[in-house]
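The values are calculated or read from the model by the stated rules, or taken from the named source; none is laboratory data. Source: prediction; values computed, not measured. FYI the Cβ positions are ideal-geometry reconstructions off the backbone, even for glycines, and counts take in every protein chain you see.
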């Protein structure tokens, strides 16, 4: 008797919760592309990987992606780009982006739907001491990447 009473109360409550969750899910955009269309322009991404094994100078390899999802060409203003570490612009950001490999075809105006993908290595000894957690992001005049965390331990270098 008690089981039937509990089931009589619990089942309608579960059904109500499922209906609320379904209604909420229907109100949110279904994909990242739909969310991006609601905010056209330059969108930046950044990721990091520790490169300490089998290399002479341990480093954090940063990978960058920049996408133009607007309907018009956008000047990426490469001279405005900065790497931000723990809330402060890295002093030599201009040198980092100006030297070494860059995007295929070089830095140029991004046409609608085009993107850059490239990487840069930052030596741990020059940029990430003392050991600990670092918050990193990438910004330019017309974009700001999400912030990521990188943890440097004694084993990292």
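When the stretch 75-96 is filtered for residues that are in contact with a helix residue (DSSP H, G or I) (Cβ under 8 Å, 6 or more places away or on another chain) and either part of a helix (DSSP H, G or I) or loosely packed, with under 13 Cβ neighbours inside 10 Å (or both), the ones remaining, listed by number, are 78, 79, 94. Taken together, the criteria place residue 85 among residues that are assigned by TED's automatic domain parsing to the domain that holds residue 46, touching a residue at least 40 places away in the same chain (Cβ under 8 Å) and farther than 13 Å from residue 142 by Cβ.
Residue by residue, here is whether (1) without any contact (Cβ under 8 Å) to a residue 24 or more places away in the chain; (2) surrounded by 12 or more Cβ atoms within 10 Å (Cβ to Cβ); (3) part of a strand (DSSP E or B); (4) in the same structural domain as residue 81 (by TED's automatic domain parsing) holds:
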{"residue": "102", "(1), (2), (3), (4)": "yes, yes, no, yes"}
{"residue": "105", "(1), (2), (3), (4)": "yes, no, no, yes"}
{"residue": "112", "(1), (2), (3), (4)": "no, yes, no, yes"}
{"residue": "118", "(1), (2), (3), (4)": "no, yes, yes, yes"}
{"residue": "122", "(1), (2), (3), (4)": "no, yes, yes, yes"}
{"residue": "125", "(1), (2), (3), (4)": "no, no, no, yes"}
{"residue": "134", "(1), (2), (3), (4)": "no, yes, yes, yes"}
{"residue": "137", "(1), (2), (3), (4)": "no, yes, yes, yes"}
{"residue": "150", "(1), (2), (3), (4)": "no, yes, yes, yes"}
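Evaluating residue 65 against the criteria (1) under 27 Å from residue 125 (Cα atoms); (2) modelled with pLDDT of 95 or more; (3) in a loop (DSSP other than H, G, I, E, B) leaves one unmet condition, (3).
Being within 20 Å of the chain's Cα centre (by Cα), in the same structural domain as residue 44 (by TED's automatic domain parsing) and under 18 Å from residue 41 (Cβ atoms) holds for only one residue in 77, 71, and it is 77.
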